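The block underneath contains the structure these notes are about, expressed in structure tokens.
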Amino acid sequence: MALGVDVGGTNAKVAAISPGGQVFTHTSLPTQPERGPAAFVDDLCRLVDTWKKLHRFRVSAVGLGIAGDVDAEKGKLRYSPNLHGWEGFDFRRSLGRALRARVAVANDANCAVWGGYLTELKKKPDHVIGVTLGTGVGGGLILSRRLFHGATGTAGEIGHITVQPGGEPCHCGSRGCLEAYAGSYGILRTARTLLELRPAEGKILRGLCSDLELLQPSHLTAAAQEGDALAREAWAVTGRHLAVGLAGLVMVLNPDVLLLLGGVSRAGRWILDPVQEHFARQPFRVPFDRLELRLAENPDAGCIGAALLAAERGR
Ligand SMILES: [Zn+2]
């Protein structure tokens, strides 16, 4: 059995994964990043002990997907906006010793895309671009059926390509990044700006969420579904920025499939239609005609991908 851990700033999803990528059992642990990474590793080890006694399985590999810039070679986190003080901690050594398992550490979006590729795409296309749409926007590149890491392991940071020079501020410190428009905080900023500019519009949206501080992308989806023109426009703005970023990647990498994952992708057609419309307008047709746009549905893709990356590295 391989353990897959998807470490977020608030909670970590933990799952025991069979060699075939099936979830055997799963749970969630509070990350509590302020206690430091060693305390989190202790919690994880206690959970594994409990599972071993309960289910009588052996954990041979542990994969950790962490939201941040990860040095996969050394098994360390280089930078994360949500896990202050965790930088430089040697997860590979600490978990490897405690659990007597081989350990892989990777970026969480890379893990989710790898998990999505293994579980959602039955035909295993050669080249896939995966994009994770959540609070932030991450990604992963599968080239010739392998996860591509790049020179420093940073490859696939799709959220931080510029789609609007000098545009809205991004959590990374730059401006005009794709994430600043297609991450949930960017989408909500777009919606709130539209609501401010047009106080007479957005009635259905305002009815679904009267306190705009509590606005979520799911409210925008529900309002768009019910015919709210302002909510539909917020999705159109989001989709157009996403489309510009993705069209550039399609020209560079010529993928078979573009896979969208993560909570925001549940907006479905509201985010997909503007992307497809932009792609349909591209004069350089061949790479876009060949391309398949897919929404991933497996919510455990992050854990599955982390676990299978760890299992694979030891072979
Ligand atoms: Zn950025």
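Do you know which residues across the stretch 176-206 are in contact (Cβ under 8 Å) with a residue 12 or more places away in the chain and more than 19 Å from V275 (Cβ to Cβ)? It would help to see each step written out before you state the result.
Quick first cut of the stretch 176-206, residues in contact (Cβ under 8 Å) with a residue 12 or more places away in the chain only: 176-192, 194-195, 198, 201-205.
Hits for the stretch 176-206 are Y185, L188, R189, R192, L194, L195, R198, E201, G202, K203, I204, L205.
Within the stretch 219-241, is there a residue that is within 16 Å of the ligand (Cβ to nearest atom), assigned by TED's automatic domain parsing to the domain that holds R266 and at pLDDT 95 or above? Write out each step before concluding.
From the stretch 219-241, those within 16 Å of the ligand (Cβ to nearest atom) are 238, 241; that's our starting set.
Subset that is assigned by TED's automatic domain parsing to the domain that holds R266: 238, 241.
Those still in the list that are at pLDDT 95 or above too: 238, 241.
Yes, some residue in the stretch 219-241 is within 16 Å of the ligand (Cβ to nearest atom), assigned by TED's automatic domain parsing to the domain that holds R266 and at pLDDT 95 or above.
I'm checking my understanding of the structure. Among residues of the stretch 150-165 that are within 20 Å of G65 (Cα to Cα) and not small (G, A, S), which one is least open to solvent (accessible area, probe 1.4 Å)? Don't jump to the end; show me each part of the working.
Applying the first criterion (within 20 Å of G65 (Cα to Cα)) to the stretch 150-165 yields 150-160.
Checking the rest, the ones that are also not small (G, A, S) come to 152, 154, 157-158, 160.
Working: T152: 80, T154: 53, E157: 61, I158: 7, H160: 67 Å².
Applying the filter and picking the extreme gives I158.
Every residue, every condition in (1) more than 19 Å from I129 (Cβ to Cβ); (2) at pLDDT 95 or above, yes or no:
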position: R266; (1), (2): yes, no
position: Q276; (1), (2): no, yes
position: R281; (1), (2): yes, yes
position: P287; (1), (2): no, yes
position: E297; (1), (2): no, no
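Might you let me know whether the stretch 214-222 holds any residue that is out of contact with any Leu (no Cβ under 8 Å at 6 or more places or on another chain) and within 24 Å of V163 (Cβ to Cβ)?
Quick first cut of the stretch 214-222, residues out of contact with any Leu (no Cβ under 8 Å at 6 or more places or on another chain) only: 214, 218, 221.
From what is left, the residues that are within 24 Å of V163 (Cβ to Cβ) are 218, 221.
Scanning the stretch 214-222 turns up at least one residue that is out of contact with any Leu (no Cβ under 8 Å at 6 or more places or on another chain) and within 24 Å of V163 (Cβ to Cβ).
Out of the residues in the stretch 189-208 that are in a helix (DSSP H, G or I) and open to solvent by less than 50 Å² (accessible area, probe 1.4 Å), state the one that is nearest to the ligand (Cβ to nearest atom).
Pass one, the stretch 189-208, residues in a helix (DSSP H, G or I): 189-197, 203-208.
Still in the running and open to solvent by less than 50 Å² (accessible area, probe 1.4 Å): 190-191, 194-195, 205.
On the way: T190: 16, A191: 20, L194: 22, L195: 25, L205: 27 Å.
Here the residue is T190.
Which count do you get for residues in the stretch 174-183 that are assigned to a helix (DSSP H, G or I) and within 8 Å of the ligand (Cβ to nearest atom)? Outline the logic, then answer.
Keep residues of the stretch 174-183 that are assigned to a helix (DSSP H, G or I), which gives 179-182.
Pick out the ones that are also within 8 Å of the ligand (Cβ to nearest atom) and you get 179-180.
Total satisfying the criteria: 2.
Residues being touching a residue at least 12 places away in the same chain (Cβ under 8 Å) and in a strand (DSSP E or B): count how many of those fall in the stretch 65-105.
Count: 12.
Could you look through the stretch 166-183, keep only residues that are in contact with a Pro (Cβ under 8 Å, 6 or more places away or on another chain) and at pLDDT 95 or above, and pick out the one that is most open to solvent (accessible area, probe 1.4 Å)?
This residue is R175.
Which is open to solvent by less than 20 Å² (accessible area, probe 1.4 Å) and either closer than 11 Å to I304 by Cβ or aromatic (F, W, Y) (or both), of F24, F40? Walk me through it before giving the result.
Working: F24 fails: open to solvent by less than 20 Å² (accessible area, probe 1.4 Å).
So the residue among F24, F40 that is open to solvent by less than 20 Å² (accessible area, probe 1.4 Å) and either closer than 11 Å to I304 by Cβ or aromatic (F, W, Y) (or both) is F40.
Return yes when V62 is in a strand (DSSP E or B) and outside the structural domain of L261 (by TED's automatic domain parsing) and no when it is not.
yes
Can you name every residue in the stretch 150-168 that is farther than 21 Å from E233 by Cα and more than 10 Å from the ligand (Cβ to nearest atom)?
G150, A151, T152, G153, T154, A155, G156, I158, P165, G166
Hey, can you tell me all the residues within the stretch 8-34 that are free of Cβ contacts under 8 Å to residues at least 40 places away in the same chain, within 28 Å of V137 (Cβ to Cβ) and not hydroxyl-bearing (S, T, Y)?
N11, A12, L29, P30, Q32
Run H171 past the list (1) within 16 Å of the ligand (Cβ to nearest atom); (2) assigned to a helix (DSSP H, G or I) and report the number of the one that doesn't hold.
Tallying (1) within 16 Å of the ligand (Cβ to nearest atom); (2) assigned to a helix (DSSP H, G or I), H171 fails exactly one: (2).
Let me spell it out: the conditions are (1) of a type outside the set (A, V, I, L, M); (2) modelled with pLDDT of 95 or more; (3) more than 16 Å from the ligand (Cβ to nearest atom), and G186 meets all of them except one. Which number is the exception?
If we test G186 against (1) of a type outside the set (A, V, I, L, M); (2) modelled with pLDDT of 95 or more; (3) more than 16 Å from the ligand (Cβ to nearest atom), just (3) comes out false.
Collect the residues in the stretch 235-269 that are in contact (Cβ under 8 Å) with a residue 60 or more places away in the chain, more than 16 Å from E179 (Cα to Cα) and open to solvent by 30 Å² or more (accessible area, probe 1.4 Å), keeping them in residue-number order.
Let us first name the residues in the stretch 235-269 that are in contact (Cβ under 8 Å) with a residue 60 or more places away in the chain, namely 241-242, 244-246, 248-250, 253-265.
Retained after the next criterion (residues that are more than 16 Å from E179 (Cα to Cα)): 250, 253-259.
Passing the criteria: L253, N254.
Return the residues of the stretch 134-149 that are open to solvent by 60 Å² or more (accessible area, probe 1.4 Å) and either within 16 Å of the ligand (Cβ to nearest atom) or in a strand (DSSP E or B) (or both); say none if nothing qualifies.
Answer for the stretch 134-149, where residues must be open to solvent by 60 Å² or more (accessible area, probe 1.4 Å) and either within 16 Å of the ligand (Cβ to nearest atom) or in a strand (DSSP E or B) (or both): T135, R146.
What is the one condition in (1) open to solvent by less than 10 Å² (accessible area, probe 1.4 Å); (2) at pLDDT 95 or above; (3) closer than 21 Å to N11 by Cβ that V131 does not satisfy?
Status for V131: all satisfied but (3).
The values are calculated or read from the model by the stated rules, or taken from the named source; none is laboratory data. Keep in mind that this is a model prediction, so the values were computed, not measured. For neighbour counting, all protein chains shown are included, and Cβ atoms are generated from backbone atoms with ideal geometry for every residue, glycine included. The protein model used for the area step is the full one, side chains on, heavy atoms only, and it has no ligands, DNA or RNA in it. Shrake-Rupley method; radii C 1.70, N 1.55, O 1.52, S 1.80 Å.
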